[in-house]
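The values are calculated or read from the model by the stated rules, or taken from the named source; none is laboratory data. What you are looking at is a predicted structure, and each value in this text was computed from that prediction instead of being measured. Here the Cβ positions follow ideal geometry from the backbone for every residue, glycine too, while neighbour counts run over all protein chains shown. Accessible surface areas use protein heavy atoms only, side chains included; no ligands, DNA or RNA. Shrake-Rupley method; radii C 1.70, N 1.55, O 1.52, S 1.80 Å.
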Amino acid sequence: MRHQPQFYQQQRIPSIAQRRWKSFRKNKLASAALLVFSLIVFAAIFAPFIAPYDPTLQFNDLLLPPSWYDEGKTRFLLGTDEIGRDIFSRLIYGANLSLKLALIVVIIAGSIGMSLGFVAAFSNRVIDQLLQRLMDLILALPSLLLAIVIVAIIGPGLPNAIYAVALVLIPHFVLVTRSAIINELNKEYVTAMILDGAGRFRLFAKCILPNILPPLIVQITLGFSTAILEIAALGFLGLGAQAPNPEWGTILSESHNNIVNAPWTVTLPGLAIFFTLLSINLLGDGLRDALDLDK
Amino acid sequence: MIRLFVRQMLMLLTSLMILTFITFGITRFFPQESLNHISSTSSQSNLLNEYIFYLEQIFNGNWGISQAHGTEVLDEFLTFFPATIELSVAALLFALIVGVPLGIFAAQNKNTWQDKFIVSTTLVGYSMPIFWWGMLLVLLFSLSWGLTPVASRLGFEYDILPVTGFMLIDTLLSDQPYAFEAFYDALHHLILPAIVLGTVPLAIFTRITRSSMIRVLRSDYIRTAKAKGLSQMRIIWVHALRNAMLPILTIVGLQISVLITGTLITETIFSWPGVGKWLLEAVHRRDYVTLHAGLLAIASIVVIINMLVEVLSFYANPKLRHKR
C-alpha cells in the first residue's frame with residue numbers, strides 16, 4: 001500500500017479498531033504481555049508436539065535437577081519429579097489443561113452472568129434489587145470457601161471444581177454487565193433510538209451491545225486469570241484435579257513435600273502459574289487503557 | 001444519621017436472611033443423617049416449617065456436634081477462630097503500614113522511575129499465587145537462611161495456657177518465667193504467614209493509595225496549602241492524607257473476604273491451627289456439620305464487618321453523608 005503512487009490527496013482515517021490496536025501497541029508492557037501469553041497459548045495448543053514425553057510416563061531418574069545443574073541430564077530439560085516424570089512435559093500439558101479449564105469456566109460463568117446482568121438491567125426494580133443483594137452477598141463470601149463447600153457437596157474432582165469456580169465468578173459478570181447496560185441506557189443516543197421506535201431487541205443488539213463490549217472484554221480477561229488462580233488453588237488444596245493429572249496447582253501440592261531436597265519441583269510449576277497470571281493481568285490492564293480511547 | 005443507621009441495619013438483616021436461605025438450601029444437599037439437629041423430623045413438615053425450625057436451631061446456638069471430635073462445632077469454631085483473626089489482622093496491618101506510605105511515595109514522585117517501579121511491583125504482587133509465594137518464602141527465609149520458623153504458632157518448648165486464644169496476648173498474660181521469650185517466639189512465628197497473606201492486599205492498597213493521592217494532590221485546596229507556603233510533609237500527611245484515605249477504607253472492607261480466602265491457603269502451608277485448616281480437614285473427612293457451621297459463621301462475620309466498614313465510611317466522609 002505504502003509504495004502506491006499518490007495521485008490524489010487523500011487522508012486515511014484509521015478505523016476504530018485500528019486506533020485501538022495502535023494505542024494498545026504503544027503500551028510496551030502490555031504488548032510484551034500479549035507476546036508471552038500468545039507463546040503460552042501456543043505451547044498449550046500444541047502440547048503433544050512440544051512436550052518430549054507423556055506427562056504420566058515414569059523414568060528411573062527420580063528427582064533429577066534441571067539440565068543446567070551438574071547432576072542434571074539434557075534429556076530432562078527441567079528435571080524430573082519424585083516418581084521420575086519429566087517436569088517440562090508436565091508443565092506444557094499443564095498449560096493445556098489450565099487454559100482449557102479456565103476457558104470452560106469463563107464460558108459458563110460469562111454466559112450465565114451476562115444473561116443475569118441483562119435481566120437485571122432490563123427488569124423491574126424488585127427483581128433488580130433482589131438480584132443485586134444476592135450478588136453482593138456472594139461477592140462478600142470468601143470465594144474459595146464457597147468453592148470448597150460446593151466441592152464438599154458434589155465431591156472433589158475436576159468437573160466439580162469447574163462448576164464451583166464458575167459459580168464464584170458469576171456475580172462479577174452480572175455486576176459489570178448490569179452497570180454497563182444501565183450506564184448506556186441513560187445516554188441520549190439511546191433515547192433517540194427509542195424515539196425512533198426501536199424495539200427492545202433491536203435496541204440491545206444494534207445500539208447497546210457494541211458499546212458495552214469494552215468493559216465486558218476486560219472482565220472476561222480478568223475472569224480468565226481469576227479462573228486459572230482459583231482452579232490452581234483448589235488443585236493445591238487437593239479438591240480440584242486429582243493426582244496423576246498434570247494440573248499446575250496439583251503438581252505444586254505434590255511437590256510440597258520435596259521442597260527441601262528438590263526445590264525446583266516447587267519453583268518451576270509456580271513460575272508457570274505466575275507468568276500466565278501476570279501476562280493476563282498486564283494484558284487486561286493494557287486492554288482497559290486501549291479500549292478507553294474515547295473517554 | 002439515624003435514618004442511615006436504620007437503613008444499614010435493614011440491609012444487613014436482608015443479607016443475613018438471604019445467607020440463611022443459601023445455607024439452608026445447601027444443607028438440603030447434605031446427607032440427611034448428618035444434620036439431624038437442624039432438620040425438622042415431623043412427618044407433615046413442608047419447606048417453610050423446616051426453614052423456620054432451622055432458623056430456631058441456629059439462633060439457639062444448636063449448630064450440631066462435629067463428627068470428628070464429638071464436641072459442639074460452635075465451641076470448636078470459637079477455639080480456632082482467634083488464630084485466624086490474629087493472622088488476618090497481622091496481615092492487614094502489614095499491608096496497610098507498608099502499602100499506604102508506598103502509595104504516597106509513588107504519588108509524590110508520579111511518572112518517575114521510582115513510581116513506575118512501584119506500580120509494576122504491585123502488578124507482580126497482584127498476580128502472585130499465594131500458595132506458591134508462601135512456599136517460596138519458606139524455602140528462602142526458613143529453610144535456606146533459617147530466619148523464621150517453618151510452621152505452627154509457637155515453639156514446642158513453651159507451654160502457654162490459652163486464655164483469649166490470641167497467642168500474642170496469651171503469652172503476655174502467662175505467668176510462666178519465659179513469658180516474654182514466648183511472646184517473641186509467637187511474633188517470630190507470625191511474621192512470615194502475615195507477609196504471605198498480606199501480599200495481595202498490599203499490592204491493592206498501594207495502587208489505590210497512589211491513584212487516590214494523585215487525585216487529591218490535584219485539587220484546589222492543596223494548591224492553596226502550597227501557596228500558603230506549607231511544607232510538602234505537612235501538605236501530604238496533614239491535609240491530603242485524610243481525604244486520600246477515604247477510598248482505602250472502602251477497599252479494606254472489600255479485602256476482608258480476600259483475606260479469609262487467603263487464610264485457607266496460608267494456614268495449610270504453615271500448619272497454622274486456624275479456621276481454614278479446620279475447615280479443610282472437615283472437607284477431607286466429609287464432616288458436613290463442621291462445614292455448614294464454618295460457612296455460616298464466617299459468612300455472617302464477613303457480612304457484618306462489611307456493614308460496619310460501610311457505616312464507618314459514611315461517618316468519615318461528609319460527601320456521602322449529605323448526598324441524600
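Exactly one residue out of B:D220, B:D185 is touching a residue at least 12 places away in the same chain (Cβ under 8 Å), among the charged types (D, E, K, R) and more than 14 Å from chain A (Cβ to nearest Cβ): that is B:D185. Of the set (1) modelled with pLDDT under 85; (2) under 26 Å from the mean Cα position of the chain (by Cα), all apply to A:L203 but (2). Of the helices (runs of 4 or more DSSP H) entirely within the stretch B:180-295, those holding at least 3 residues that are under 21 Å from A:L139 (Cα atoms) occupy B:241-270, B:275-285.
Listed here are the residues, each with its yes/no results for (1) out of contact with any helix residue (DSSP H, G or I) (no Cβ under 6 Å at 6 or more places or on another chain); (2) closer than 22 Å to B:T263 by Cα; (3) among the aliphatic types (A, V, I, L, M).
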residue	(1), (2), (3)
A:A147	no, yes, yes
A:I154	no, no, yes
A:Y163	yes, no, no
A:L167	yes, yes, yes
A:A192	yes, no, yes
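Looking only at residues in the stretch A:186-211 that are of a type in the set (A, V, I, L, M) and under 16 Å from A:M114 (Cα atoms), the one that is surrounded by the fewest Cβ atoms within 10 Å (Cβ to Cβ) is A:A205.
Summed over the stretch B:90-147, the residues that are over 21 Å from the mean Cα position of the chain (by Cα) and of a type in the set (V, I, T) give a count of 7. Within the stretch A:237-264, the set of residues being open to solvent by less than 10 Å² (accessible area, probe 1.4 Å) and modelled with pLDDT of 85 or more comprises A:E247, A:W248, A:G249, A:T250, A:L252. Test A:L78 against the criterion of being open to solvent by 20 Å² or more (accessible area, probe 1.4 Å) and not in a helix (DSSP H, G or I), and give yes or no. Taking the combined requirement at face value, the residue satisfies it.
In the set B:L102, B:L161, B:L173, B:L190, only one residue is more than 12 Å from every other protein chain (Cβ to nearest Cβ) and modelled with pLDDT of 90 or more; that residue is B:L102. If you go through the stretch B:63-83 and keep only what is more than 12 Å from B:T290 (Cα to Cα) and either over 26 Å from the mean Cα position of the chain (by Cα) or open to solvent by less than 50 Å² (accessible area, probe 1.4 Å) (or both), you end up with B:F81, B:P82, B:A83. Restricting B:I269, B:I248 to those that are closer than 21 Å to B:G125 by Cβ and either surrounded by 23 or more Cβ atoms within 10 Å (Cβ to Cβ) or within 14 Å of chain A (Cβ to nearest Cβ) (or both) reduces the list to B:I269.
Only one of the numbered conditions (1) without any contact (Cβ under 8 Å) to a residue 40 or more places away in the chain; (2) in a helix (DSSP H, G or I); (3) surrounded by fewer than 21 Cβ atoms within 10 Å (Cβ to Cβ); (4) at the interface with another protein chain (Cβ under 10 Å from one of its Cβ atoms) is violated by A:G270, and that is (3). A Cβ distance below 8 Å, combined with a sequence gap of six or more or placement on separate chains, defines the contacts here; from the stretch B:126-146, residues that are crowded, with 21+ Cβ neighbours inside 10 Å reach residues that are at pLDDT below 85 in the pairs B:M135/A:H256; B:M135/A:I259; B:V138/A:I259; B:V138/B:V150.
Please work out if B:L154 is assigned to a loop (DSSP other than H, G, I, E, B), aliphatic (A, V, I, L, M), open to solvent by less than 40 Å² (accessible area, probe 1.4 Å) and away from chain A (no Cβ under 14 Å). The answer is yes for B:L154.
If you go through the stretch B:280-306 and keep only what is over 21 Å from B:G70 (Cβ atoms), open to solvent by 20 Å² or more (accessible area, probe 1.4 Å) and in contact (Cβ under 8 Å) with a residue 24 or more places away in the chain, you end up with B:S300, B:I304, B:I305, B:N306. Looking only at the stretch B:272-298, residues that are within 9 Å of chain A (Cβ to nearest Cβ), among the hydrophobic types (A, V, I, L, M, F, W, C) and within 17 Å of B:T79 (Cα to Cα) come to 6 in all.
Every residue, every condition in (1) part of a helix (DSSP H, G or I); (2) free of Cβ contacts under 8 Å to residues at least 40 places away in the same chain; (3) aliphatic (A, V, I, L, M), yes or no:
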| residue | (1), (2), (3) |
| --- | --- |
| A:I112 | yes, no, yes |
| A:A120 | yes, no, yes |
| A:V126 | yes, yes, yes |
| A:L146 | yes, yes, yes |
| A:A161 | yes, no, yes |
| A:L167 | yes, no, yes |
| A:H172 | yes, no, no |
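Residues in the stretch A:223-266 that are free of Cβ contacts under 8 Å to residues at least 12 places away in the same chain, closer than 21 Å to A:L99 by Cβ and facing another protein chain (nearest Cβ under 9 Å): there are none. Does B:L280 count as within 29 Å of B:L12 (Cα to Cα) and at pLDDT below 85? Spelling it out, it is not the case that B:L280 is within 29 Å of B:L12 (Cα to Cα) and at pLDDT below 85. Can you confirm whether the stretch B:203-216 contains a residue that is within 30 Å of A:T250 (Cα to Cα) and either within 13 Å of chain A (Cβ to nearest Cβ) or open to solvent by less than 10 Å² (accessible area, probe 1.4 Å) (or both)? Checked against the condition, which is being within 30 Å of A:T250 (Cα to Cα) and either within 13 Å of chain A (Cβ to nearest Cβ) or open to solvent by less than 10 Å² (accessible area, probe 1.4 Å) (or both), the stretch B:203-216 yields at least one hit.
A:P214 satisfies every condition listed in (1) open to solvent by less than 50 Å² (accessible area, probe 1.4 Å); (2) farther than 19 Å from A:G117 by Cα except (2). Within the stretch B:46-62, if we keep just the residues that are among the polar types (S, T, N, Q) and under 18 Å from B:Y288 (Cα atoms), the residue that is most open to solvent (accessible area, probe 1.4 Å) turns out to be B:N62. Entry remark, the stretch A:53-70: residues being among the aromatic types (F, W, Y), modelled with pLDDT under 80 and open to solvent by less than 70 Å² (accessible area, probe 1.4 Å) number 1 in total. Looking only at the stretch A:152-171, residues that are within 11 Å of another protein chain (Cβ to nearest Cβ) and either under 20 Å from the mean Cα position of the chain (by Cα) or buried (at least 22 other Cβ atoms within 10 Å of the Cβ) (or both) come to 2 in all.
On inspection, A:S225 qualifies as within 30 Å of B:V283 (Cβ to Cβ) and hydroxyl-bearing (S, T, Y).
The condition of being assigned to a loop (DSSP other than H, G, I, E, B) and either open to solvent by 40 Å² or more (accessible area, probe 1.4 Å) or at pLDDT 75 or above (or both) holds for only one of B:S15, B:S42, that being B:S42.
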